[in-house]
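*Asks:* Pasting in a structure now, in structure tokens, and then I'll have a few things to ask.
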Amino acid sequence: MLTLEEMRRCLSEQHAQRRRLYAEFLRSPEWRAAAARVRERFHYLCLVCRTCENTQVHHLRYDLPNRPEAEGKWPAGWLPVADAGLVLLCADCHEIYHRYRRM
């Protein structure tokens with residue numbers, strides 16, 4: 001049986017791996033194309049405050065399968081690239097969304 005410290009270390013390593021895969025995905029041609037479509041669909045305006053300053057594409061949900069075969073490589077369909085799962089927010093609204101979502 002794992003100790004609490006071993007469990008924390010394991011979870012931390014899994015989190016770091018997912019962050020690396022996510023950063024890799026954001027550099028992919030598939031993500032860039034999806035983000036461009038979302039920006040056009042929202043006319044380059046934040047969904048909340050309607051500014052066009054410093055907009056960011058936001059995932060409404062993340063699909064993060066925990067499959068052994070995906071370990072260490074890019075799992076197909078890891079994140080939703082379907083435009084329906086993406087919205088455009090300015091940096092301020094994006095930060096507020098994440099801050100209040102954690103509460």
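*Asks:* Can you order the peptides 36-49, 84-97 by their average number of other Cβ atoms within 10 Å per residue, highest first?
*Replies:* For the peptides 36-49, 84-97, the packing ranking is 84-97, 36-49.
*Asks:* Give me, ordered by chain and number, the residues 5 or more places off H58 or on other chains with an amide H under 5 Å from its own placed amide H.
*Replies:* V87, L88, L89
*Asks:* Tell me, in nm to one decimal, what length is gained between E40 and I96 on full extension, where the rule is 0.36 nm per residue of separation less the Cα-Cα distance?
*Replies:* Taking E40 through I96 to full extension adds about 17.9 nm, to one decimal.
Values quoted throughout were computed directly from the atomic coordinates according to the rules given, and no laboratory measurement underlies them. A quick note: this is a predicted structure, and the numbers were derived from the prediction, not measured. Backbone-built Cβ (ideal geometry, glycine too); neighbour counts: all protein chains shown.
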